[in-house]
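The values are calculated or read from the model by the stated rules, or taken from the named source; none is laboratory data. Just so you know, these numbers come straight off a predicted model, no measurement behind them. For neighbour counting, all protein chains shown are included, and Cβ atoms are generated from backbone atoms with ideal geometry for every residue, glycine included. These accessible areas exclude ligands, DNA and RNA; they are computed on the full protein's heavy atoms, side chains included. Shrake-Rupley method; radii C 1.70, N 1.55, O 1.52, S 1.80 Å.
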Amino acid sequence: MSKIKYTLGIFLAVVLVIAGAVYIYFAHYAPLKPDADTEVTVWYVNNDTMWQSFAGLADNYNKGEGAKFGVTVKTKAFASKTELYKQLDKAIDEKGSLPDMVVCDTDYAAYMAKNGVLADLSAYFGNWEASEFNAEMTEAASVDGSLVAVPIAAQADVFMVNIKLFSDFSAISNFEKLCSVADEYYSRNGGSFFTITDYSLFFRTAASQFKDEFDAESPYETSNKNCKYIYKLLAETAYNRGFGAGDEGAAKQVGEGKLPCAIVSSVDVMRYAYAIDADAIDFAAYPCMKDGTPAYVEKVTGITMTKSDTNSERASALFIKWFTSNENNSAFVGDSGYIPAAGAAVSISDFDIYSELQTAIAERRNKSERYTFAASAEYSVNSRNFDEILNTIMNSLN
C-alpha cells in the first residue's frame, strides 16, 4: 500500500508541475497575438547614445519577432523632450491622434494617465512581469500601486570635476562651500566655476537631503523654506558669476577643460564620452547641503501605451514585453550611462570614463539614503515649468 501511495504521490507531483508550467505559459508568456496584422507607432526622443539604435532595433523586431505575430512597429524620433511633450500636450488638449506607445519620463506618463489617454497596463503587465523590473524604478513608474509605464532605465546626477583645473575636493565638500569657491574662482579667473544641467532633479535631490519633498513650484511662488534656501544659494552664485547657466553640453565643457566642474546626468557623461579625457576627470562626492544628509534620487524613463483598439494594444504590449526583457534591456542600455530596469549594466566600454562613472554612481547609492517618488502628474507639470523658469532666471543673471 505504501508503494502505491508513494507512486501516486510522485504522479500527482509531476502532474502539478506540468499544470503549473502550462498555467505560467498561458497566463504570462503566451503571445498576445492580434487577430489581424497590426501596425503600431512609438514616439521617443533621440538625443543620447542609448536611443540612437532604437529605430534599428524596432526594424529588427519587425523582421523577426514582430513578423511572427503580424506586428509592425513604426518609430518617430524627436530632438528633445520639450519638442516631444509639446506635441503630446497638443494632441491631449485637442483630443487629437496619439501614438500607440510613448517613451517618456514616468511623471509625464502619470500626466497622460490623469488625462485619461492611457491603456490599462495592469491588463498586460501584472505582478509576474513587474517582478522582473527594478523595484524602485517600478515604484517610480506607478500611481497608487498601478503601472503607468513600463520602466526601461534611470539616470542619476554625478559631480564631475576636471582635476587639471581644480583638484581640492575638500574645498567643495558641501554645496555651500562649492558656491563660495565658485564666487572666488570668478573673481580670480573671470569664468564660471560650475553649472547644473537638470535643475528639477538637482532640487529634488537637494530637498531630500533636508528630508523634504521638492514641490517643483516656481521659486517665486513656493512657500517651502528649504527650496527657498537652495534657490537663494544658487541665485546669489549665479549673480556673482561663479555659477554659469547650464545645458546638456556641460559634461563636454568639463571634459575639454572649459569648465572646472558640473553636476551632470550620468547619461550626459556618456553622451560626450568621445570628448572626455578620463585622465583629466574625477567624480567628487555629490555636494550635500551643509545641514542635510546625502540623498540619492533617480530619474526614471519608461514606455507607456495609449488607449486604442484591442489589436493595437496587444501589438504594443507584445513589443514592450520583448523590448524590456532582461536580455534586450541590458543590451539596449549598454554603456549609455543609464541604469537598466531589467538585467544588468554592462561592465566594459570603449570609453575609459565609463568605469569611473559606474564607480561614482555606486558610491552615491551606497553612501546616500535612497528616495523614490511615485509617478506624479502634478510634478510633471510643475517641474517642466520650474526648469523653464530657472533657465530664464539663470540666463538673465549670466
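Taken over region 341-352, the residue count meeting the criterion of being touching a strand residue (DSSP E or B) at 6+ places or on another chain (Cβ under 9 Å) and either touching a residue at least 24 places away in the same chain (Cβ under 8 Å) or open to solvent by 60 Å² or more (accessible area, probe 1.4 Å) (or both) is 2.
Contact map, region 155-166: first residue in contact (Cβ under 8 Å) with a residue 60 or more places away in the chain and closer than 16 Å to Val269 by Cα, second residue of a type in the set (D, E, K, R) and open to solvent by 10 Å² or more (accessible area, probe 1.4 Å), Cβ cut-off under 6 Å, separation 6 or more or different chains; pairs are Gln155/Lys299; Ala156/Glu298; Val161/Asp282; Ile163/Asp282. When each of Ser336, Ser325 is tested for being more than 20 Å from Thr138 (Cα to Cα) and among the hydroxyl-bearing types (Ser, Thr, Tyr), the lone residue that passes is Ser336.
In this structure, Met101 does not qualify as touching a strand residue (DSSP E or B) at 6+ places or on another chain (Cβ under 8 Å), closer than 29 Å to Gly337 by Cβ and at pLDDT below 95. Can you spot a residue in region 356-368 that is within 30 Å of Pro219 (Cβ to Cβ), under 15 Å from the mean Cα position of the chain (by Cα) and in contact (Cβ under 8 Å) with a residue 40 or more places away in the chain? Scanning region 356-368 turns up at least one residue that is within 30 Å of Pro219 (Cβ to Cβ), under 15 Å from the mean Cα position of the chain (by Cα) and in contact (Cβ under 8 Å) with a residue 40 or more places away in the chain. Whether any residue in region 353-375 is open to solvent by 20 Å² or more (accessible area, probe 1.4 Å), modelled with pLDDT under 95, of a type outside the set (Lys, Arg) and not in a helix (DSSP H, G or I) is what I want to check. No, the conditions are met nowhere in region 353-375. Could we say that Ala113 is more than 24 Å from Ala374 (Cα to Cα) and either aliphatic (A, V, I, L, M) or modelled with pLDDT under 95 (or both) here? Criteria not met by Ala113.
Does Gly302 meet the test of being assigned to a strand (DSSP E or B), open to solvent by less than 20 Å² (accessible area, probe 1.4 Å) and closer than 24 Å to Gln52 by Cβ? Yes; evaluated as a whole, the condition is true for this residue.
Within the option set Ser223, Ser200, Ser208, Ser218, being assigned to a loop (DSSP other than H, G, I, E, B), under 27 Å from Asp105 (Cα atoms) and open to solvent by less than 20 Å² (accessible area, probe 1.4 Å) holds for one residue only, Ser218.
When region 140-192 is limited to residues that are surrounded by 20 or more Cβ atoms within 10 Å (Cβ to Cβ) and within 17 Å of Lys252 (Cβ to Cβ), the one that is nearest to the chain's Cα centre (by Cα) turns out to be Gln155.
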